[in-house]
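Shown next, in structure tokens, is the structure this report addresses.
The values are calculated or read from the model by the stated rules, or taken from the named source; none is laboratory data. From a predicted model like this one, the values you see are computed outputs, not experimental measurements. Cβ placement follows ideal geometry from the backbone for every residue including glycine, while neighbour counts extend to all protein chains displayed. In case anyone asks, the SASA skips ligands and DNA or RNA and just uses the protein heavy atoms, side chains included. Shrake-Rupley method; radii C 1.70, N 1.55, O 1.52, S 1.80 Å.
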Amino acid sequence: MNITIIGTGYVGLVSGAVFADWGHNVVCLDVDKKKVQNIKKGIMPIYEEGLEELVKRVQNIEKRFRVTTDYKKAVEHGKLIFICVGTPGNSQGAADLSYVFSASEAIGKYLKNEYKVIVTKSTVPVGTHNKVKEYILKGAGSKKVNFDVASNPEFLREGTSIYDANHTDRVVIGSDSKKALNLLERLYKHLNAPIVKTNLASAELIKYAANAFLATKISFINEMSQICERTGADVKDVALGMGLDNRIGPKFLNAGIGYGGSCFPKDVEALYRTSSEYFYDFRLLRGVMDANERQKIYFIEKVYKKFGTNLTGLTFGILGLAFKNGTDDIRKSVAIEIVKMLRGAGAVLNVYDPAALKNAKNALGVNGINYRLSSKSVFNKADAVFILTEWPEFAELNYAHLSKKMRKKIIFDGRNLLNPKEVISAGLDYYGIGRFLNF
Ligand code: UDX
């Protein structure tokens, strides 16, 4: 099938490359000339495991993948046209849909009377499809056009998105047109995953519901961690005991410093905004957001309790800056927020992340921060070392050995990555999230 993708961010580039890998002819459009030139040369705008190799293969060897800035060519190409542009949160917490609408209008401008399906993959609030349709018609003007709109939300996780696209738990497609649903079903049929065919509003809501529910699970276990700290329970054991109930499941029950990233914070807030717009106060979501904010404050309070609120003269080692492991993405990274708080209180920070150093440097600058090229070097003369991103390699370090280089042997484990018993018996002070420490 001929497929067009509008937008070469995480969703667009990964989806385009994966569709090409499935044997379809894909044209990806981006308005950013530099980005398009780079992708043509095999330079990816994002770090994503396996993406560069996949794009190089489908683009240069199998020749089923092209990138362009030419809207006319792109729109003429695809039977299915996927809108995959960004929907960042605006200052009121709602999704900013201006890129979605300008893409819709541009599509309309080049549509002809040949039937096409315009599919939104970007995460958009319920009801957006009506406006997408309006903007397409606005772009088309007085021309006769023949199209349907559909919604096909993606559930890709950064860092594992290519795997996720090939091993999805389910496919969600929404449209009022049977013809559009059938075309989209053809695209995904080979995956052997359940296909949820529904109306447009339900498809749009499913994405928000799924992300908000996962964020709720995280905030729930984070709140439980507070109860654990106050009662002598261990949140890891509580999560294990809860998660073995297969109605609950073990995933997304890792207590920590809170969720971040380009999706959860934005989508929870946007769903709350949508509910308010429909005169419903989604109280549970307020609690989820509130707990997420408080969780990092509780963590910083542990530091203040140990060192006082003025951290001048102290040097801390920081392990992890990305919003989670497996990515260089620092958008809404709680690690970055904590680094800012520690620096703001006067500490000097030696920081390391396996992938996000460059992005972190752009965001944080060099004031009070030394960027280190190995995890081990952050231990040198440190008054404490902080684990802020759940990179598995941080669990493999020899803390007993590395702590010899520290000024004070203290670990703040914001991701519960380490075994407290082992760390404490190696002679370090350990501060985790909701852990039992009196062995
Ligand atoms: C998320 C959804 O999982 C994905 O389906 C959707 O398409 C996009 O949003 P992503 O943002 O890539 O994906 O990251 P995810 O792995 O879900 O983690 C989000 C945040 O939650 C991270 O900051 C992570 O550290 C945190 N997290 C996750 C926890 O604090 N505890 C957990 O148990 C799981």
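Observations on the model:
- Scanning the stretch 175-209 for residues that are within 16 Å of the ligand (Cβ to nearest atom) and among the small types (Gly, Ala, Ser), we see that the one that is nearest to LEU285 (Cα to Cα) is ALA209.
- Answer residue from the stretch 336-380, given it is without any contact (Cβ under 8 Å) to a residue 24 or more places away in the chain and of a type in the set (Gly, Ala, Ser) and is most open to solvent (accessible area, probe 1.4 Å) among those: GLY344
- Test: residue in the stretch 381-389 that is touching a residue at least 24 places away in the same chain (Cβ under 8 Å), hydroxyl-bearing (Ser, Thr, Tyr) and open to solvent by 60 Å² or more (accessible area, probe 1.4 Å): no
- Within the stretch 196-209, at least one residue is within 18 Å of LYS116 (Cβ to Cβ), open to solvent by less than 20 Å² (accessible area, probe 1.4 Å) and at pLDDT 95 or above.
- Evaluating ARG230 against the criteria (1) more than 16 Å from the ligand (Cβ to nearest atom); (2) under 20 Å from the mean Cα position of the chain (by Cα); (3) of a type in the set (D, E, K, R) leaves one unmet condition, (2).
- Given (1) of a type outside the set (Phe, Trp, Tyr); (2) more than 17 Å from GLU154 (Cβ to Cβ); (3) modelled with pLDDT of 95 or more, index of the condition ASN192 fails: (3)
- Some residue of the stretch 143-153 being closer than 21 Å to ILE3 by Cβ, within 13 Å of the ligand (Cβ to nearest atom) and in contact with a strand residue (DSSP E or B) (Cβ under 7 Å, 6 or more places away or on another chain): yes
- Test for GLY89: is it open to solvent by less than 30 Å² (accessible area, probe 1.4 Å) and assigned by TED's automatic domain parsing to the domain that holds TYR71: no
- Filtering the stretch 402-439 to residues that are more than 17 Å from LEU388 (Cα to Cα), small (Gly, Ala, Ser) and without any contact (Cβ under 8 Å) to a residue 24 or more places away in the chain leaves only SER425.
- Selection of the stretch 126-174 for residues being of a type in the set (Ser, Thr, Tyr), more than 19 Å from LEU97 (Cβ to Cβ) and surrounded by 22 or more Cβ atoms within 10 Å (Cβ to Cβ) yields only SER161.
- LYS121 being touching a strand residue (DSSP E or B) at 6+ places or on another chain (Cβ under 6 Å) and either open to solvent by 30 Å² or more (accessible area, probe 1.4 Å) or among the charged types (D, E, K, R) (or both): yes
- Enumeration of residues in the stretch 88-125 that are touching a Lys or Arg at 6+ places or on another chain (Cβ under 6 Å) and part of a loop (DSSP other than H, G, I, E, B): GLY93, ALA94, ASN113, THR123
- Screening the candidates ALA239, ALA212 for the property of being within 16 Å of the ligand (Cβ to nearest atom) and either touching a residue at least 24 places away in the same chain (Cβ under 8 Å) or outside any helix (DSSP H, G or I) (or both) yields one hit, ALA212.
- Residues of the stretch 96-105 that turn out to be touching a residue at least 40 places away in the same chain (Cβ under 8 Å) and hydrophobic (A, V, I, L, M, F, W, C), as a count: 1
- Taking the stretch 362-418 as the range and being under 22 Å from the mean Cα position of the chain (by Cα) and assigned to a loop (DSSP other than H, G, I, E, B) as the test, the residues that pass are LEU388, THR389, GLU390, TRP391, GLY414, ARG415, ASN416, LEU417.
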